[in-house]
Each structure stands twice: as C-alpha cells, then as structure tokens.
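Enquirer: Structure provided below as structure tokens; questions to follow.
No lab work stands behind these numbers, since they all come straight from the coordinates. Here the structure is a predicted model, which means the values were calculated and not measured. Every residue, glycine among them, receives a Cβ derived from its backbone with ideal geometry; neighbour counts consider all protein chains shown.
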Amino acid sequence: MFTKNLLITWRGLWRNKTYAVINLIGLSAGITACLLVAAIVLDELSYDKQWTKANRIYRAISVNNRINGSDRFPQVFTGLGPSLKKDFPEVEDYCRMSVYGDRLKIGNNSDGVAVQTLSAESSVWNFLDFQITEGNPKKFVPGYANLVITEKIKQQYFRGQNPVGKIYYNMPEYGDPQPYLVTGVIKALPVNTHLRADVILIASYRPKDDLLAKEEYGTFSTQYLMLKPGTDTKNFSKKINAWYAKVTAPNKPGYSFQLQPFEDVYLRSDFAGVQSVQGSMRNLYIFIAVAALLLLIACFNFMTLTTSRVFSRMHETGVRKVLGASKPQLMSRYLTESLVFFSMAFVLAGLLSKLFMPYLETYIGHQLVFNLYGFGFVWLAVIAVLGMSLLTGLYPAWYLSRPEPMVILRSQATTGFKLNWLKKSLVVGQFVISIGIIIATLVVHYQLSYLDKADVGFDKNNLIKLSFNNWGKNAEVFKQQLEALPGVETVSIASWYPGAGAGYMSTEINVPGQSGKIQANYIRGDADLPAVLKVKLTNGRLFDRNLRTDVVDFDSVMRSDEKRADELMHSRPVIVTDYTVRLLNLKLNNRVANVEGIPVGVISNFHNESLHFGMKPCIIRAEKLTEGYILIRLKNNHPGNSLTSINTLFKATYPEKPFLYEWINDVVNAQYQNEAKLKQLFFSFSMLIVFLACLGLFGLITFTAQQRVKEIGIRKVLGASVANVAALLSADFVKLVLLAMLIATPLAGYIMSRWLQDFAFRINLSWWMFGLAGAITMFIAVITVSTKAIKAATANPVKSLRSE
C-alpha cells in the first residue's frame, strides 16, 4: 500500500510542479535554518559539560553590599578559597585560575607570539581533565612558573624539537620578561569551554595570599571551588556568609558570596569585560525563537497550499471512494504526500546546512564542536519528518477523506468544507511573524545606530591606544617625540582608556540626602588626558602641564614621604562631570569629603562605560605617570603614515617591546558586538521569513485564481477591467495583511521594549517603526499578489468559458 501511495504521490507532484516546488523550497529553507540554529544552540549548551567533575565545581561570586543595588562581580578575596577549605569539610579543593592574553618569545617574530594563557595553581589538575602527551606537568617544579603547552603550539613553533625542560620568556606589556619552564605538552583544550586557552601557566602563591583579612582589604582573584558529592549548595552558601560575618566581626561585612555552577559560567554571566569567552542565554532564546518561527512559517505554507488544493482533489477522492477506498486508506494516501515532502525537504536541508556550516562558524567566531550529522542526526531526522508530516498533513487528509462520494461527485461538497478560516488564519499567522521580525530588525538597527552616533562626551575617532607598558625614565621624552611627529595632534599617558571599563579604580561614596552608598569611578592620566579625549569644559579649567600641582609624581612622593603624599592626595586638583557635581552638590575649588581632591573643572557628562550602564560619579585625576597606556590623537590626514612613523619611533626607543595598538573607535564598538551579531541574525532571518511568507502567498493566489477562473471570465465578458479583476483577487489578501499588522504591532512592541531595558541609554519606540514594518510587508505582499492577479485578469475569457 505504501509503495503504491508513494508512486501516486510522485506522479501527482510531477503533474503539479508549481505546487511541488513552492512547498519544497519553503520547507527546505525553514528546516535548513532550524538545523543551522540547532548547531549553534547545541554547541552553546555543550560548554563545560565535558569535564568529569563539572557538576561539583562552582565559581565564587562577590556581592558588594555597601553599594545600592548590590554590585556583583566574579572575583573574591584571594584568601577565600584556602580559608574555606581549611574551615569547611564540604570543600574538597579550590583553584585560583583565569584566562588572559600573553606573548611568548618563541618563533621568528620579533614581537613574539600572542597566546591565550590559562593561569592557575597546581590544583587545576584535580579540576580539569587534561590529556597529557609529553612530560610530567602535574609535578610542579619550584623556582619557575611552569608552562604547559598544547600540541597545536608545539606543532606550530617547536616542530622537530622537544621543548619540555627548556626555559622560554614572555614579552609582557608591563614589567620585565619572566622565565617560563616548559614542563609538559597536552592535547588542545576543548573549544567549548569558557577557559579556552593555548597554554597553561602554573604558578605558586605566597603564603600571605592564603590569608583572609577581617578588615576586608586585599587583592581579588577568580576562584573555583570543588564541593564534595551531595553538598547542598544553597545551604552551603548561607553557611559561608554566616561564617564570613564572624570573620569580620564586630564590623558588619561589606561583602557576601554566592556560588555559580561551573556549567553556567559561559551562558549565565552578566559581568561586563570579565571573561573573553562568554555567551548569552537571552540570545540563545532569541535564536531558538527565530528558528521556530521560520519552521512554523514553512509548515504554515505547506498547510495553506494543501488546503487550497482540497477542492481540486475532491473528484479524485470521490472516485476513489466509489471504487471502495476506505477513510483510513484515503488518509494514508494524503499523509504519504506529506511524508514525501518533508523527507525530500529534510534531505535537501541537510545538504544546504552542511554547505553553509563554514559561514556559520565564521559568524560565531570558532569551530563548532557538536557534530550535528552524527548517528543521532539520523534518528532526529526520522522523528522530525514523521512528526511534522503527521501534524501538518493530518488535518487536510482528514477533511479530504470525510465527505460521502455522491456529495463530492455532485460538486456539493464545498458547502461542507469550512477551510477558509484555516487558510486565512495561516496567512495571518505568517504575516504576524513576518511583521514582528521586521519590527525587531528595525529596532535593533536603530538602537545600534543610536549607540554608534550617541554623544559619548569625547571624540573616539582618530584616537589610538598603545598597550599598557612601563615606559621607564624615557616616558616623558618618548611622549614629546610622539607629539613632534607630523601626523600627531596630542598624546597622553593614562591608566585607563575608553572601552576599558568604568575607570582605573572605583570606591563607594555617600550621597547627600540618600541612604547607602554608590560607586564612584576614578580615571587617572597625565595633564593632557582631557585634551586628548576632547572632553567639553563647562566650568572652571582643565589640567595644565605647566602647573606643578597638575604634574605631581605621586609614586615618588609616596616612596619618600607618605604623610606628604596623603596631604597632596586630598588637595590635588581633579576634574568632575556635570552629573557628579549635581549628585554630590560639589562646588569648584572647595575640598569635598567624598572626593579625594579639589574640583577645579567641570566637564560635560561622558560615558566612560558602555551605554548599557547608567551614569555614575566620575572623577579624573592628573599626575605624572611613567607606566600605563599611551593615548595618541591623530590628525585627520593620512593616519596610515602616522602609524608607520609611530611604529618606527617605538621600535627605536623600546626595541624589546612589541608594538601593539588599537583604534579606540573599534574598542568602543566592540562593546556592542553581541547586538551587532543580533542585528545580522534578524536581518538575514527577516529576509528569509518574508520570502517564505510571500512564497506561500504566491502559491495561494495561484490556486485562488485557478478556482475562480470561470468567475473571472464572466466578469470580463460583462465589462470588468483588468484593474477591477486584480483588485477583486487582491482585496482579501490585503485585508489579511492589515489584520496581521494589528496583531503583530503590540506583540512586537512589548517584546522589543523588554529588550531595550538592557540599555540605560536607548531609543524610544516610535509609531513610524511599526508603520514602516507594515508598509514594507504590505508592499511586498501586494507586489506578490498583483503579479499573479494581473496575469489572471489579462487571460482570454473565451478559454475559461469554452466548456460552458
């Protein structure tokens, strides 16, 4: 029976090529998009699941309770881990580890080789399952930082050599080169981990780093705890905080601590600028939703076109019933057709997704680990094909097989079929999704455009940053030589640059008339920093390099006279923003208890953080620096020549240091990288969704015109114009698109307003965005419908009425 149904289905599709092609294209496109998104989703969800003890590892999170809103960040006091292991039997082990960029003096490049380094202590071997191929790296060799390289690094830079047991140096941005002893080689770390790195650097900590100060001072580090099996993490977190309250007694603890599951670190970390490998659960939900909508539209298309052909297939159904076909046999016949379509579409989608996979990996920035085309894919395909075939084909099959044969053959079955509501609902559903996605695309586009063009309070163009360095005794001379270059406008040495977070340090301060404290951010640079940033002065003065108070070398003073340094710290000139003045009621040239320094100038508000975050008090300090970043303001003409001159001067002055620079414009824009990718996704999928919706609409108007061919012929004989007939065929579809606009507008508005809440500075949703999305959809729909409607209206009525 199945073979016979398969043969009949194939013949039917061959006779109705338009119907077959439209359905096949729609289903293939929808399933292809789903497979590509499924590859991303499965890859994202696989992060850090491969480690054997992952379910017992937790990252320690600090909560600063002294700030209104409880500031959270993923570092804790360096001594927390050792103290917890000492006092709590639930803690099996701890490990202080983090990933950072480093350069190794290997290979033939004079600037060294850039590597991602996982810095950890020797307990890392108990946390992560590394596959050792050479050496004995688990045995720590004292006296050196132990370096463990991956096979990839060995093949690239040590081909034909054995690096184990040899010493190599790093090329740090700051300080002197440090010797690293290579103690082993391991297989490459998995790509799907937030600790993605090329090498592992294992170092020991000082004994004092293992202590926890009751006064709550000290350095912070990223720490992971391994708990013993069966530990209740919720109760254990309470025990930690109760214990810590006793540590800081009689003072109230300023911090509390939380435990974040290791497997959640990649997708559920909302800490800006902390980890380089970071995903977003929210974006993952968006991917899944968009892919589901695409597949839904493809299935809507199939159901719409299938129900549209019900009337043209009624006589076939009647004849089969007269010849003895039962209802189950008829249903199996039509379900076979559905099965064939989805099987062909899935095979085609598998090939297309394989073709587009390299582009997808380019989009996400790394190779996909999860193999979508393994044995599980076959079972997934079989289940999906059967499920979708049944769900989309059952309704039309049931309706086609329901009427009695004589009713069908007498052409009386149309009164018993109530399929118009289904077709209209499917069309409306398609365009609700299409309009919603277009609205989302417009909102994301204009929000990104706003972020790009927003007045951030400084000029981010023609500004470059040299990486952090100790410029030594030549710092001032090197700066003057840079300023003397033809293409250079101004230069500053600073401990901060735009895009590097809120500032070089922060503290908690009291706000007049408010309870609790808020975070204030400090920016430190030499006297030329405001000029390099081109901030706007609104009151007072900027720093002046010719004033002794503005060029104090605090480090030198601190080394010689701490008391004098403390006095200077509280009396030195600072520049504050308008927001800081209003919030703290500051007055120029008056010392303020909350601010270490005397405000001498007020500048317009500028965004030292990304526009995701609201304004905070910002204080700029000036002092003479010999270490930090160098910010260089270039003139508008020929920046490429200026970079060449800067590189030449840099290499002549600091031949042992790598010349590393970044454009500040690129650094600032990188803060919105996730949103930019989201825009690309929405744009691509909105085009595909609208195409699929219009494809279904084209098929529907085609069958509608075929059904009404005699009506059109009669109207033309009675004098109807081409415009009249085209309007008659198009009117119903235009009404459906208008209804879809009414439904989609509030839904998309609500969803996108929620998305915009993640930005402290954002656009307002305007009526014209919804109107533009509706107009775009209406225009495309009218063009799609009119093309077929005009063709039907211009047909010769004699041909359609010849049989009457």
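Enquirer: Arrange the following residues from fewest to most other Cβ atoms within 10 Å of their Cβ: His612, His607.
Expert: In order of increasing Cβ crowding within 10 Å: His612, His607.
Enquirer: Which whole-number percent is the relative contact order of segment 472-653 (Cα, under 8 Å, 6+ apart)?
Expert: Here the relative contact order equals 34 percent.
Enquirer: For the pair Arg548 and Val382, how long in nm is the line joining their label points, each one 7 Å along Cα→Cβ?
Expert: 8.8
Enquirer: While we're here: Exposure proxy check: Phe691, Phe613 ranked by fewest other beta carbons within 10 Å?
Expert: Phe613, Phe691
Enquirer: Right, here's the next one. About its Cα centre, what dipole magnitude does segment 164-307 give when the only charges are +1 on Lys and Arg Cβ and -1 on Asp and Glu Cβ, stated in debye to the nearest 20?
Expert: I would put it at about 460 debye.
Enquirer: Can you run phi through the Karplus equation (6.51, -1.76, 1.60; θ = phi - 60°) for segment 288-295 and list ³J(HN,Hα) in whole Hz, with x for Gly and Pro?
Expert: 4, 5, 5, 5, 5, 5, 4, 5
Enquirer: Could you tally the net charge around Ala527, taking each other residue with its Cβ under 9 Å from the Cβ of Ala527, Lys/Arg +1 and Asp/Glu -1?
Expert: -3
Enquirer: Gain in length, Thr648 to Ala484, computed as 0.36 nm per residue apart minus the alpha-carbon separation, to one decimal in nm? Don't skip to the answer; put the middle values down first.
Expert: Values: separation 164, 0.36 × 164 = 59.04 nm, distance 1.35 nm.
Contour length minus the Cα-Cα distance gives 57.7 nm.
Enquirer: Right, something else. Here is the link list: Lys453/Lys534; Lys214/Lys239; Lys49/Lys86; Lys49/Lys677. Which ones come out longer than 21 Å on Cα distance? Mind showing how you got there, number by number?
Expert: Numbers: Lys453/Lys534 16 Å; Lys214/Lys239 17 Å; Lys49/Lys86 28 Å; Lys49/Lys677 25 Å.
Going by Cα-Cα distance, Lys49/Lys86; Lys49/Lys677 fall outside the 21 Å limit.
Enquirer: Picking from Ile149, Gln223, Gly135, whose Cα lies most toward the positive end of the charge dipole for segment 125-257 (charges on Cβ: Lys, Arg +1; Asp, Glu -1)?
Expert: Gln223
Enquirer: Still on this structure, I have one more. Per 0.36 nm of contour for each residue apart, how much would the distance between Lys228 and Phe613 grow if the chain were fully extended, relative to their Cα-Cα spacing?
Expert: This chain segment gains 134.8 nm when fully extended.
Enquirer: Read phi for every residue in segment 344-357 and hand back ³J(HN,Hα) as whole Hz from Karplus 6.51 cos²θ - 1.76 cosθ + 1.60, θ = phi - 60°, with x for Gly and Pro.
Expert: With the stated coefficients, segment 344-357 comes to 4, 5, 5, 5, 5, 5, x, 5, 5, 5, 5, 5, 8, 4 Hz.
Enquirer: Suppose R0 equals 22 Å. What FRET efficiency, 1/(1 + (r/R0)^6) with r the Cβ-Cβ distance, do Val141 and Asn55 give to the nearest 0.05?
Expert: My answer for the efficiency is 0.10.
Enquirer: Hey, which aspartates and glutamates would be in cross-link range of Lys587, C-alpha to C-alpha under 18 Å, not counting anything within fewer than 8 residues on its own chain?
Expert: Once the sequence-local aspartates and glutamates are set aside, what remains near Lys587 is Asp578, Glu596.
Enquirer: A further question follows. Give the aspartates and glutamates reachable from Lys208 as a straight Cα distance under 18 Å; neighbours fewer than 8 places away on the same chain don't count.
Expert: Cross-link targets: Asp87, Glu121, Glu216.
Enquirer: Now for a separate question. How large is ³J(HN,Hα) for each residue in segment 768-782, as worked out from phi by the Karplus curve 6.51 cos²θ - 1.76 cosθ + 1.60 (θ = phi - 60°), to whole Hz, x for Gly and Pro?
Expert: Each residue's phi maps through the Karplus curve to give 5, 5, 5, x, 5, 4, x, 5, 4, 5, 4, 4, 5, 5, 5 Hz.
Enquirer: I've got another one for you. If you rank Thr362, Thr787 by fewest surrounding Cβ atoms within 10 Å, what's the result?
Expert: Sorted ascending by nearby Cβ count, the order is Thr362, Thr787.
Enquirer: Just grab the label-to-label distance for Ile790 and Asn235, each label 7 Å out from Cα along the Cβ direction, in nm (one decimal).
Expert: If labels sit at Ile790 and Asn235, their model points lie 7.6 nm apart.
Enquirer: Report the calculated FRET efficiency for Ser515 and Ile783 (r = Cβ-Cβ distance, R0 = 56 Å), to the nearest 0.05.
Expert: That pair, Ser515 with Ile783, gives E of 0.35.
Enquirer: Still on this model: Label points 7 Å out from Cα along the Cβ direction at Ile288 and Tyr661: separation in nm?
Expert: Label-label distance for Ile288 and Tyr661, simple model: 4.6 nm.
Enquirer: Given R₀ = 51 Å, FRET efficiency for Ser449-Val247 by Cβ-Cβ distance, to 0.05?
Expert: After rounding, the FRET efficiency stands at 0.50.
Enquirer: Run the numbers for Gln116 and Ser766: contour at 0.36 nm per residue of separation, minus the present Cα-Cα distance, in nm.
Expert: Using 0.36 nm per residue and subtracting the Cα-Cα distance, I get 229.6 nm.
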